[in-house]
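Input: a single structure, listed below in structure tokens.
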Amino acid sequence: MKRTATLEDVARKAHVSKMTVSRVINHPELVAPELQVVVEDAMHKLNYHPNNADRALAKNQTSVVKFVILEDVDDTDPYFTNVLFGMAMELKIFPPAALEGEPADQGAADSYVITGARTDDYPQLNELKQPFVLFGENRGGYDFVDTNNLLGGAMATKYALKAGYRNVIFIGIDIREAFEFSREAGYVNTMQQNKKIPSVFRVENSLAAAREFIQDHLGEFPKNTCFACASDRIAMGVIQALVEAEAKIPEDFGVIGYDGVLLDRVSSPTITTVKQNLWLIGEKLASPG
């Protein structure tokens, strides 16, 4: 088997130092044109192709952007897959890879895209020496990309009121995080602007928890009520409980979700939802500046 040529082989063939070969590869503007020709001719004759390791050593960079997920992920939910494909399009790579459950400081990386960060994660984020951006509104002062959660909550509430529902109930996620507060605030502000009394409940962000909540409390909500939910998972659980109770949707009760990735389409009946453009979010997360 023929041995693959190395950077050292090229240097020997061109009668130059390895540093000169490295500069021709990574910083040709620093090398005289005639020297570039000699080195490139040696590379061609040896069929040498620079690899990522060579570039990393020369630049002291790995050209690696880690995508770190700091929350539990449902394997059947393509939520983060859409974000990753958006990042892949921007970075011109395919396929992308997520490092779920791995400490953010493990392994080499030049920068990080982090999603699912919570207030408890801020000390860990503060220890990172590399630049990073969060997917998710936050109150830690970190750079982030997200949808306008305040507007999303308001849109869902306005839609329910315009549809003629007398009561609109918000079922949020039981976490004290900025994106959740913003979605709630959009709902509360819109209800108050329409001289309606807001009513907010919070459950775990899971189908089962939302279904159980409705099963336990459905009798407290009169017909002509719409449930504005902080996620499609919650909305799907609400719908399942309503169907089990033989309630008519949307005649007796309305349900509005938030995300619009997949669950809104596989639910029966389908979910009216506030759709996030996760591909665009992924592109923005990966774009420079």
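The values are calculated or read from the model by the stated rules, or taken from the named source; none is laboratory data. Quantities reported herein were computed from a predicted structural model and do not represent experimental measurements. Positions of Cβ are backbone-derived with ideal geometry, glycine not excepted, and every protein chain shown enters the neighbour counts. The accessibility values were calculated without ligands, DNA or RNA, using every heavy atom of the protein model including side chains. Shrake-Rupley method; radii C 1.70, N 1.55, O 1.52, S 1.80 Å.
Considering only residues in segment 42-59 that are among the polar types (S, T, N, Q) and modelled with pLDDT under 85, the one that is nearest to the chain's Cα centre (by Cα) turns out to be 52. Is at least one residue of segment 240-260 free of Cβ contacts under 8 Å to residues at least 24 places away in the same chain, under 20 Å from the mean Cα position of the chain (by Cα) and either closer than 30 Å to residue 132 by Cβ or open to solvent by 70 Å² or more (accessible area, probe 1.4 Å) (or both)? The answer is no, given that none of the residues of segment 240-260 is free of Cβ contacts under 8 Å to residues at least 24 places away in the same chain, under 20 Å from the mean Cα position of the chain (by Cα) and either closer than 30 Å to residue 132 by Cβ or open to solvent by 70 Å² or more (accessible area, probe 1.4 Å) (or both). Of everything in segment 273-283, what is open to solvent by 60 Å² or more (accessible area, probe 1.4 Å) and either modelled with pLDDT of 85 or more or under 22 Å from residue 163 (Cα atoms) (or both)? Give them in sequence order. Correct list: 275, 277, 280. Could you tell me whether residue 30 is free of Cβ contacts under 8 Å to residues at least 24 places away in the same chain and either surrounded by fewer than 16 Cβ atoms within 10 Å (Cβ to Cβ) or out of contact with any strand residue (DSSP E or B) (no Cβ under 9 Å at 6 or more places or on another chain) (or both)? Spelling it out, residue 30 is indeed free of Cβ contacts under 8 Å to residues at least 24 places away in the same chain and either surrounded by fewer than 16 Cβ atoms within 10 Å (Cβ to Cβ) or out of contact with any strand residue (DSSP E or B) (no Cβ under 9 Å at 6 or more places or on another chain) (or both). The condition (being of a type in the set (Phe, Trp, Tyr), closer than 21 Å to residue 281 by Cβ and under 12 Å from the mean Cα position of the chain (by Cα)) is satisfied by just one residue among 144, 132: 144. Which residues, taken from segment 263-283, are in a helix (DSSP H, G or I) and out of contact with any Gly (no Cβ under 8 Å at 6 or more places or on another chain)? 265, 266 - these are the residues of segment 263-283 that are in a helix (DSSP H, G or I) and out of contact with any Gly (no Cβ under 8 Å at 6 or more places or on another chain).
Would you confirm whether or not segment 225-237 contains a residue that is more than 27 Å from the chain's Cα centre (by Cα), surrounded by fewer than 23 Cβ atoms within 10 Å (Cβ to Cβ) and at pLDDT 95 or above? Within segment 225-237, one or more residues are more than 27 Å from the chain's Cα centre (by Cα), surrounded by fewer than 23 Cβ atoms within 10 Å (Cβ to Cβ) and at pLDDT 95 or above. Checking every residue in segment 239-262 against the condition of being part of a helix (DSSP H, G or I), at pLDDT 95 or above and closer than 23 Å to residue 146 by Cβ gives zero matches.
Taken over segment 261-272, residues that are surrounded by 15 or more Cβ atoms within 10 Å (Cβ to Cβ) and charged (D, E, K, R) amount to 1. Within segment 187-215, if we keep just the residues that are under 19 Å from residue 234 (Cα atoms) and among the polar types (S, T, N, Q), the residue that is farthest from the chain's Cα centre (by Cα) turns out to be 215.
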